[in-house]
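Peer 1: To start, I am sharing the structure in question, which I have written as structure tokens.
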Amino acid sequence: MNFFYIYLLLVVLLSLLFKKKGLFLNYSGDIHQSFSNKKNIPLAGGLFILIPIIFFLNDFFISCFIISIYLIGFFSDRKILVSPKKRFLIQCIVIMLFVIFFDVKVNSSRVEFFDIILNNKFFAIFFSSFCLLILINGSNFIDGLNGLLISCKIIIFLMLNKLNLIDNSIISDQSINLIIFVLLLLLLLNISNFLMLGDSGAYLLGFFVGFIILSSHISNPDISPYFFITLIWYPCYENLFSILRKLNREFSPLKPDSKHLHQLVFFFVTKKFNLNLILSNNLSSAIICFFNFLIIYIATLNPGNTIFQIKLIVVSIIFYNVIYMLLFKFYKLNLISKK
């Protein structure tokens with residue numbers, strides 16, 4: 001616990017310093033950003049996650065790739081790497097090099113036809129890179145509400161630890177527990193509007209969790225690969241759903257908007273309960289996290305059963321789509337009545 005208190009003090013002091021000196025501040029006035037927060041808050045969360053991850057990892061070269069992913073987000077936060085296309089291209093290059101260098105590929109889908117395709121080295125590299133990219137950018141998508149992304153990742157780490165699935169040759173269980181403590185600390189500061197993760201923190205967490213899950217999949221062949229998909233279904237489906245939704249509207253999938261599920265939940269909570277921005281923000285995040293926790297917890301009851309996991313994923317997606325349509329209808333009706 002001494003580590004926790006020391007790190008808490010360090011994070012608070014540095015956050016105050018960043019805000020006083022005007023460093024890493026977040027507010028730019030973009031519509032997708034200002035829907036739930038209009039204050040200038042340090043985007044320092046990613047830095048405070050990076051430090052313990054680098055300290056606890058057992059491999060220097062993995063740390064180098066993690067730092068690279070963090071820097072892509074850092075330059076985005078600093079408005080140096082503004083173009084979404086350039087960010088995505090750099091992500092693709094880094095992720096593909098990482099998959100090739102460390103051979104972290106999806107080994108099996110438990111579907112015979114697809115497993116035959118996965119035996120092709122180039123397709124396996126492409127597919128695994130695609131999965132990581134979807135998770136990284138999906139993590140960034142859901143980071144629009146205080147505490148949402150951090151809570152989702154804490155749940156994943158807790159469930160992996162509960163089932164003893166983390167590959168200890170990469171990082172020990174004790175180190176993961178300390179990282180969970182750090183995330184809990186940052187969650188407290190995040191929901192208090194004291195600091196935010198930014199693109200740097202979202203990319204970093206998405207990549208780190210994706211790497212841990214791929215490693216767990218490789219080292220635990222008895223566990224259904226669909227169990228690992230269930231762990232990350234929400235940010236991944238949010239990303240895929242957003243891409244299809246924007247393409248349907250003839251809108252660039254790389255450009256941000258304010259029609260994601262978490263934003264519609266926030267709009268609903270704000271209208272129904274008439275709370276201030278922070279309370280509406282935190283309540284919306286808690287609602288989504290609660291349902292995501294239920295889904296993941298149910299998945300842990302039978303992690304080796306592929307049929308069980310597929311059914312759970314399908315039910316989750318149907319539930320997501322139904323809730324999205326209802327909330328979007330509520331959103332449009334209230335906009336019309338406001339006009």
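Peer 1: From the cross-link list LYS86/LYS255; LYS271/LYS332; LYS85/LYS246; LYS246/LYS329; LYS19/LYS85; LYS85/LYS153, which pairs have alpha carbons spaced over 24 Å apart? Present the calculation step by step, with values, prior to reporting the outcome.
Peer 2: Values: LYS86/LYS255 13 Å; LYS271/LYS332 13 Å; LYS85/LYS246 16 Å; LYS246/LYS329 17 Å; LYS19/LYS85 30 Å; LYS85/LYS153 26 Å.
Check vs 24 Å cut-off fails for LYS19/LYS85; LYS85/LYS153.
Peer 1: I've got another one for you. Treating only the Cβ of Lys, Arg, Asp and Glu as charged (+1, +1, -1, -1), what charge dipole size does the range 2-338 show about its Cα centre? Round to the nearest 20 debye. If you can, show how the numbers build up before the last one.
Peer 2: Working: 26 positive and 14 negative charges, 291 e Å.
In total the dipole reaches around 1400 debye.
Peer 1: For the chain, what are the DSSP H helices with axial Cα length of 20 Å or more and mean Kyte-Doolittle hydropathy of at least 0.0? Before the final figure, lay out each step's value.
Peer 2: Working: long enough: 2-21 (28 Å, 1.47); 60-77 (25 Å, 1.96); 84-102 (27 Å, 1.69); 121-141 (30 Å, 1.54); 148-162 (21 Å, 1.89); 173-191 (27 Å, 2.14); 198-219 (32 Å, 1.20); 233-248 (22 Å, -0.22); 277-300 (34 Å, 1.74); 306-338 (47 Å, 1.33).
TM-like helix candidates: 2-21, 60-77, 84-102, 121-141, 148-162, 173-191, 198-219, 277-300, 306-338.
Peer 1: Obtain the nm distance between the two label points defined at GLU112 and PHE273 by a simple spin-label model: each point lies 7 Å from its Cα along the Cα-to-C-beta direction.
Peer 2: Distance between the two pseudo-spin positions: 5.1 nm.
Peer 1: So what is the calculated 222 nm ellipticity per residue for the chain, using -39500 (n - 2.57) for each DSSP H run with n of 4 or more, over all residues, to the nearest 500 deg cm²/dmol?
Peer 2: Values: 15 runs with 250 residues, N = 339.
So the calculated ellipticity at 222 nm is -24500 deg cm²/dmol.
Peer 1: How much length is gained on full extension from ASP257 to ILE310, taking 0.36 nm per residue of separation minus their Cα-Cα distance?
Peer 2: Working: separation 53, 0.36 × 53 = 19.08 nm, distance 3.03 nm.
So the extension gain works out to 16.1 nm.
Peer 1: Once you have the Cα-Cα distance between PHE122 and PHE61, take 0.36 nm times their residue separation minus that, and quote the gain in nm to one decimal. Each step should come with its number before you reach the end.
Peer 2: Details: separation 61, 0.36 × 61 = 21.96 nm, distance 2.23 nm.
Extra length available between PHE122 and PHE61 comes to 19.7 nm.
Peer 1: Among SER216, LEU148, PHE55, whose Cα sits farthest toward the positive end of the charge dipole of the chain (+1 at Cβ of Lys/Arg, -1 at Cβ of Asp/Glu, about the Cα centre)?
Peer 2: LEU148
Peer 1: Considering the dipole of the range 2-338 built from charges on the beta carbon (Lys and Arg +1, Asp and Glu -1) around the Cα centre, which of ILE295, LEU195, ALA124 is farthest to its positive end?
Peer 2: So the residue we want is LEU195.
Peer 1: Counting other C-beta atoms within 10 Å, which of SER316, SER258, SER200 has the fewest, and how do the rest follow?
Peer 2: Numbers: SER316 21, SER258 17, SER200 27.
So the residues, fewest neighbours to most, are SER258, SER316, SER200.
Peer 1: Could you list the trypsin sites (Lys or Arg not before Pro) in the range 220-306 that lie in coil according to DSSP, counting only those with at most 14 other Cβ atoms within 10 Å of their Cβ?
Peer 2: Details: sites: ARG245, LYS246, ARG249, LYS259, LYS271, LYS272; in loops: ARG249, LYS259.
Answer by residue number: ARG249.
Peer 1: Could you list ILE150, ILE296, ILE223 in order of exposure, starting from the residue whose Cβ has the fewest other Cβ atoms within 10 Å?
Peer 2: Working: ILE150 28, ILE296 22, ILE223 18.
Listed from fewest to most nearby Cβ atoms, that is ILE223, ILE296, ILE150.
Peer 1: OK, next. For the chain, what percent of Cα pairs sit more than 31 Å apart? The partial results should precede the final answer.
Peer 2: Details: 17487 of 57291 pairs.
Everything past 31 Å amounts to 31 percent.
Peer 1: Provide the three semi-axes, in whole Å and in decreasing order, of the ellipsoid equivalent to the range 108-169 as defined by the square roots of 5 times the Cα gyration tensor eigenvalues. Before the final figure, lay out each step's value.
Peer 2: Values: eigenvalues 154, 64, 18 Å².
With the √(5λ) rule applied to the range 108-169, the semi-axes are 28, 18, 10 Å.
Peer 1: Based on alpha-carbon centroids, what's the gap between the range 280-339 and the range 99-158 in Å, whole number please?
Peer 2: When both Cα centres are located, 20 Å separates them.
Peer 1: For PHE98, what is the net charge nearby, where nearby means another residue's Cβ is under 12 Å from its Cβ and Lys, Arg count +1, Asp, Glu -1?
Peer 2: Numbers: positive: LYS105; negative: ASP59, ASP103.
Neighbour charge sum, excluding PHE98 itself: -1.
Peer 1: Would you be so kind as to identify which of LEU165, VAL182, LEU247 lies farthest towards the positive end of the dipole of the chain, taking Lys and Arg as +1 and Asp and Glu as -1 on Cβ and the Cα centre as origin?
Peer 2: Checked the options; the winner is LEU247.
Rule-based calculations on the coordinates, nothing more; no lab input. Computed from a predicted model, the values in this text were never measured in an experiment. Every residue, glycine as well, gets a Cβ built from its backbone with ideal geometry; the counts of neighbours run over all protein chains shown.
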